[in-house]
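Peer 1: Supplied in structure tokens, the structure appears directly below.
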Amino acid sequence: MWWLKLRRRWAQPRRWAQLTRGLQAASNIPPRGFVRYIHEDDRFSTDRVPEDVPPYIPGQESPAYVVRKTGYDLLKDPWCNKGSAFPRSERDRLGLRGLLPPRSLTMELQVARFMQDYHHPVHFIPPEDVELGGVTSEMARRWKALQALHDRNETLFYRVLFENFTEMAPIIYTPTVGWVCLNFHKLYRRPRGMYFSAADRGDMAAMVYNWPQRDVQAIVVTDGSRILGLGDLGVNGLGIPIGKLDLYCAAAGFSPSKVLPVVIDVGTNNETLRANPHYGGLRCSRITGPEYFSIVDEFVTAVMSRWPNAILQFEDFSIDHAVPLLERYRQHHLVFNDDIQGTAATALAGLYGALRVMNMPPSALTEQRIVCVGAGSAGMGVAKMIAAGMTKQGLSLAEATKRFWVLDYMGLITKKRSDVANFVKPFVREEKQHEGESLLSVIKRVKPTILLGLAGAGRLFNKEVLTALSEGCPHQRPIIFPMSNPTSRMECTAEEALRVTKGRAIFASGSPQQPVQMPDGGTVAVSQANNMYIFPGIALGSFLGQTRVITDDMLMAAAEALPKLVHPEDLAKGLVYPRLADIRDISARVATAVACAAGKEGRLRGPLLEKYGQGPDAMRAYIASRMFYPEYSSLVHVPPGVDE
Ligand SMILES: O=C([O-])CC(=O)C(=O)O
Ligand SMILES: [Mg+2]
């Protein structure tokens with residue numbers, strides 16, 4: 001058969017090669033794999049830089065192909081992309097500095113990482129870890145699916161998130177984001193955000209121009225030193241600014257193209273991570289002291305010089321740097337620390353909500369006895385804010401701080417300790433004889449009405465603690481807020497708190513919890529005391545109001561606005577925060593409250609100042625009108641009717 005002969009003849013690979021080579025030669029297209037890529041701007045190269053692709057002649061030395069892309073475009077071009085394996089020289093010359101994790105990996109490592117995931121998907125989570133961490137393999141798989149959508153179509157990603165916010169918040173945010181940060185070096189696929197490392201000193205002001213967007217309105221930065229309650233995760237911590245900015249866009253309507261997640265890499269003290277060959281950050285221990293502050297100063301100066309109107313949110317910095325950094329910048333820059341100020345405003349709002357649940361007025365805050373476990377940035381920020389709330393209700397600061405008992409990992413903090421940090425000092429107890437007293441003993445002695453968990457140390461509120469709390473608080477419902485994140489670091493679960501207190505507890509946790517089935521067959525819904533209710537609104541109000549700084553009064557306004565948004569029927573169920581499904585409206589209202597407070601202080605500028613004269617409704621309408629809604633906008637001029 002003639003056609004069978006022909007098929008046999010052309011089925012030989014050599015023949016195909018002959019044919020394709022002939023075609024390539026005829027059309028002057030060099031075959032892939034034979035090509036050396038060089039960049040057209042590369043004047044330092046010893047290679048020849050041809051004007052265009054030269055003709056390919058089989059058997060001759062392979063020609064060079066001109067790469068015209070740089071920066072982000074290059075990283076998104078699968079033909080030229082090398083991901084984390086771009087060497088330093090190419091990063092320098094091709095505008096890639098800051099767009100990739102600081103360490104250059106080898107292709108062998110990239111292959112090994114891919115093969116690991118190929119054989120044992122990162123998103124498989126052993127059942128024993130699921131129980132404690134609250135993240136299932138299915139949640140991790142969903143995060144991957146959402147991330148892939150995020151990378152290929154931001155508008156669609158935000159539409160999906162927007163329409164399913166309550167369902168997806170635990171996937172893009174706590175608790176799944178905690179798992180993401182722990183595994184960031186295995187999950188890394190596409191570039192997102194910027195990295196500034198100690199090795200970039202002197203270059204940061206230039207590096208900010210590698211970011212492809214001219215207009216950046218919001219930056220969330222971490223140094224990875226205290227990621228949620230998970231500790232030092234180095235550059236893996238970038239997952240947190242990414243998650244927070246997802247909320248900026250979904251909840252507060254910032255435009256996705258105008259937000260920038262950042263990690264500052266000053267090394268890590270997490271030795272396991274540092275020794276991991278796939279870890280992308282600097283492999284040195286953390287830089288501290290004046291050198292640390294000069295690195296952060298250089299970063300702040302660099303981003304502020306390119307984007308002077310942007311709001312800068314500090315996130316998950318360890319306490320030793322979080323407080324001094326906030327003090328360093330907050331007088332002159334539009335900055336806030338979410339863990340100190342956002343979490344604090346959230347906690348105070350939740351307490352006002354809890355008082356509403358019990359039909360008590362806000363002034364009843366002054367009668368509460370508060371045990372706060374955790375004396376880090378979040379714990380002390382919360383204590384300070386609640387004390388400020390009490391002073392607004394009539395107590396002096398000294399009277400207010402006396403209503404707190406603060407514990408850290410050594411137990412109750414009293415005057416007996418000599419090395420207490422300045423920000424803890426107002427809350428140190430006088431009674432030296434109780435120095436280091438255990439949580440259980442403090443609860444039995446003090447009989448608190450409010451128990452706050454911000455230690456990030458796991459299940460400290462055990463059965464004995466919860467029983468003692470409930471028994472010591474017969475006249476009102478005990479308020480229990482285990483606010484540490486993610487789920488693995490929470491002080492107790494909703495089920496534990498409600499079972500032990502026989503449903504009396506008013507409960508809210510930092511990470512989400514399922515409604516609890518009670519022994520009597522009823523179901524009790526619980527609240528989530530997370531700063532996501534507050535930080536998007538603070539950022540939106542202060543950015544649109546161009547307030548230049550964020551003051552205590554603006555934060556207090558946010559805390560006071562939130563409890564007013566809880567639905568009466570939710571209050572009847574014991575819920576102390578508004579519904580997540582209403583997050584856009586919540587953020588707009590919090591932003592309005594923040595802007596009104598700024599207006600009272602004479603800090604508003606621009607259109608919001610004009611609206612300030614017309615009252616809060618006009619301000620809110622303006623704020624809502626400026627919020628991004630995920631919809632495709634036309635990229636070409638289309639005469640009416642053409643696409644219908
Ligand atoms: O990220 C969160 O869910 C809340 C937060 O700021 C923290 O725990 O550090
Ligand atoms: Mg945080």
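The values are calculated or read from the model by the stated rules, or taken from the named source; none is laboratory data. Given the structure is predicted, the values throughout are model-derived calculations rather than measurements. Using ideal geometry, Cβ is built from the backbone for each residue, glycine included, and neighbour counts are taken over all protein chains shown. Please note that ligands, DNA and RNA were not included when accessible areas were found on the heavy atoms of the full protein model with its side chains. Shrake-Rupley method; radii C 1.70, N 1.55, O 1.52, S 1.80 Å.
Peer 1: Among the residues of the range 194-216, are any surrounded by 18 or more Cβ atoms within 10 Å (Cβ to Cβ) and more than 28 Å from Val335 (Cα to Cα)?
Peer 2: Checked the range 194-216: no residue is surrounded by 18 or more Cβ atoms within 10 Å (Cβ to Cβ) and more than 28 Å from Val335 (Cα to Cα).
Peer 1: Additional query: List pairs: first in the range 299-323 and within 13 Å of Ser377 (Cβ to Cβ), second more than 16 Å from ligand 2 (Cβ to nearest atom) and open to solvent by 30 Å² or more (accessible area, probe 1.4 Å), Cβ under 7 Å, 6+ apart or cross-chain?
Peer 2: Close Cβ pairs (under 7 Å, with a partner that is more than 16 Å from ligand 2 (Cβ to nearest atom) and open to solvent by 30 Å² or more (accessible area, probe 1.4 Å)) amount to Val323/Phe423.
Peer 1: Could you please find all residues in the range 309-325 being part of a helix (DSSP H, G or I) and open to solvent by less than 10 Å² (accessible area, probe 1.4 Å)?
Peer 2: Ala322, Leu325
Peer 1: Another question about this same structure. Collect the residues in the range 399-418 that are open to solvent by 60 Å² or more (accessible area, probe 1.4 Å) and of a type in the set (A, V, I, L, M), keeping them in residue-number order.
Peer 2: Once the filter is applied, which keeps residues that are open to solvent by 60 Å² or more (accessible area, probe 1.4 Å) and of a type in the set (A, V, I, L, M), the range 399-418 yields only Met410.
Peer 1: Can you name the number of the only condition in (1) modelled with pLDDT of 95 or more; (2) more than 16 Å from ligand 1 (Cβ to nearest atom); (3) open to solvent by less than 30 Å² (accessible area, probe 1.4 Å); (4) part of a loop (DSSP other than H, G, I, E, B) that Ser225 fails?
Peer 2: Here Ser225 meets the rest and fails (2).
Peer 1: Is it the case that some residue within the range 560-576 is within 20 Å of the chain's Cα centre (by Cα), at pLDDT 95 or above and either open to solvent by 10 Å² or more (accessible area, probe 1.4 Å) or closer than 20 Å to Arg356 by Cα (or both)?
Peer 2: Within the range 560-576, none of the residues are within 20 Å of the chain's Cα centre (by Cα), at pLDDT 95 or above and either open to solvent by 10 Å² or more (accessible area, probe 1.4 Å) or closer than 20 Å to Arg356 by Cα (or both).
Peer 1: Which residues, taken from the range 521-535, are more than 16 Å from ligand 2 (Cβ to nearest atom) and either crowded, with 24+ Cβ neighbours inside 10 Å or not in a loop (DSSP other than H, G, I, E, B) (or both)? Quick ask: steps written out before the conclusion?
Peer 2: Going through the range 521-535, the residues more than 16 Å from ligand 2 (Cβ to nearest atom) turn out to be 521-527.
Matches in the range 521-535: Thr523, Val524, Val526, Ser527.
Peer 1: Same structure again: Does the range 229-274 hold any residues that are buried (at least 24 other Cβ atoms within 10 Å of the Cβ) and hydroxyl-bearing (Ser, Thr, Tyr), and which are they?
Peer 2: Matches in the range 229-274: Tyr248, Thr268.
Peer 1: I need every pair where a residue in the range 338-363 that is within 16 Å of ligand 1 (Cβ to nearest atom) has its Cβ under 6 Å from the Cβ of a residue that is aromatic (Phe, Trp, Tyr) and assigned to a helix (DSSP H, G or I), sequence separation at least 6 or different chains.
Peer 2: What qualifies is Asp338/Phe535; Gly342/Phe535; Thr346/Tyr533.
Peer 1: Just name the residue that is most open to solvent (accessible area, probe 1.4 Å) out of those in the range 421-450 that are over 16 Å from Ala400 (Cα atoms), at pLDDT 95 or above and not in a helix (DSSP H, G or I).
Peer 2: Here the residue is Lys447.
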